[in-house]
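Engineer: One structure follows; several queries about it will come next.
The values are calculated or read from the model by the stated rules, or taken from the named source; none is laboratory data. Since we're looking at a predicted model, the values are computed, not measured. Positions of Cβ are generated from backbone atoms using ideal geometry, with glycine treated the same way; all protein chains shown enter the neighbour counts. Calculation scope for accessible area: heavy atoms of the full protein, side chains included, ligands and nucleic acids excluded. Shrake-Rupley method; radii C 1.70, N 1.55, O 1.52, S 1.80 Å.
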Amino acid sequence: MKKIFLVLLIFGLGGCINDIEIEQPITEIKKELVIQNPVGIKLETAFVTTEVAMNVKVDITQQVTIKIFDISNRVVSKETMNVTAGDNILKVYTTALPSSAYRIALFDIKGNQIGITDFNKI
């Protein structure tokens, strides 16, 4: 019984890796998320607790990669997704991140940086 419990504990802890979820449920654009340039990335607020809305704006429908970097410039989260031309309102869940300063960047399929912004997880 102890062996089974130990195995379940190990697998349970292995599932606690810092996965940051990004989803697209929001369709309206708040004034805090408006991007004037043809491409870019903008967070609703620079101070984040568990989640934050983000606008990813691109000029053509394409696949993009969103990376979150920690203060030492290491990638702590990376997600690739398809976005449509124009504004794409996403929700970023940050509960798995420890409190610190972060940088979130947007890259096109060729690896070119489209936009970058900073936020603080409090």
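Engineer: Tell me which residues, restricted to the range 84-122, are β-branched (V, I, T), touching a Lys or Arg at 6+ places or on another chain (Cβ under 9 Å), open to solvent by less than 30 Å² (accessible area, probe 1.4 Å) and part of a strand (DSSP E or B).
Structural biologist: Those that are β-branched (V, I, T), touching a Lys or Arg at 6+ places or on another chain (Cβ under 9 Å), open to solvent by less than 30 Å² (accessible area, probe 1.4 Å) and part of a strand (DSSP E or B): I89, I104.
Engineer: Filter the range 52-74 for residues that are of a type in the set (K, R) and outside any loop (DSSP other than H, G, I, E, B) and give the result. If you could, list the steps in order and put the result at the bottom.
Structural biologist: Residues of the range 52-74 that are of a type in the set (K, R), as a first pass: 57, 67, 74.
The answer is K57, K67.
Engineer: Select from the range 58-73 the residues that are open to solvent by less than 40 Å² (accessible area, probe 1.4 Å) and more than 11 Å from the chain's Cα centre (by Cα) and write down the one among them that is nearest to N112 (Cα to Cα).
Structural biologist: Pass one, the range 58-73, residues open to solvent by less than 40 Å² (accessible area, probe 1.4 Å): 58, 62, 64-66, 68-70.
Restricting the remaining residues to those that are more than 11 Å from the chain's Cα centre (by Cα) gives 58, 62, 64, 70.
Values: V58: 12, Q62: 13, V64: 10, D70: 20 Å.
Ranking the qualifying residues of the range 58-73, first place goes to V64.
Engineer: Are there any pairs, at least 6 apart or on different chains, whose C-beta atoms fall under 7 Å, with the first in the range 27-43 and over 14 Å from F119 (Cβ atoms) and the second surrounded by 11 or more Cβ atoms within 10 Å (Cβ to Cβ) and of a type in the set (A, V, I, L, M, F, W, C), and if so, which?
Structural biologist: Pairs that qualify, where the first residue is over 14 Å from F119 (Cβ atoms) and the partner is surrounded by 11 or more Cβ atoms within 10 Å (Cβ to Cβ) and of a type in the set (A, V, I, L, M, F, W, C), are T27/I89; I29/I89; V39/V58; V39/I114; G40/I114.
Engineer: Do the conditions hold for S77, that is, is it open to solvent by less than 80 Å² (accessible area, probe 1.4 Å), within 25 Å of I122 (Cα to Cα), part of a loop (DSSP other than H, G, I, E, B) and hydroxyl-bearing (S, T, Y)? Reasoning before the result, please.
Structural biologist: Working: open to solvent by less than 80 Å² (accessible area, probe 1.4 Å): yes; within 25 Å of I122 (Cα to Cα): yes; part of a loop (DSSP other than H, G, I, E, B): no; hydroxyl-bearing (S, T, Y): yes.
In short, no.
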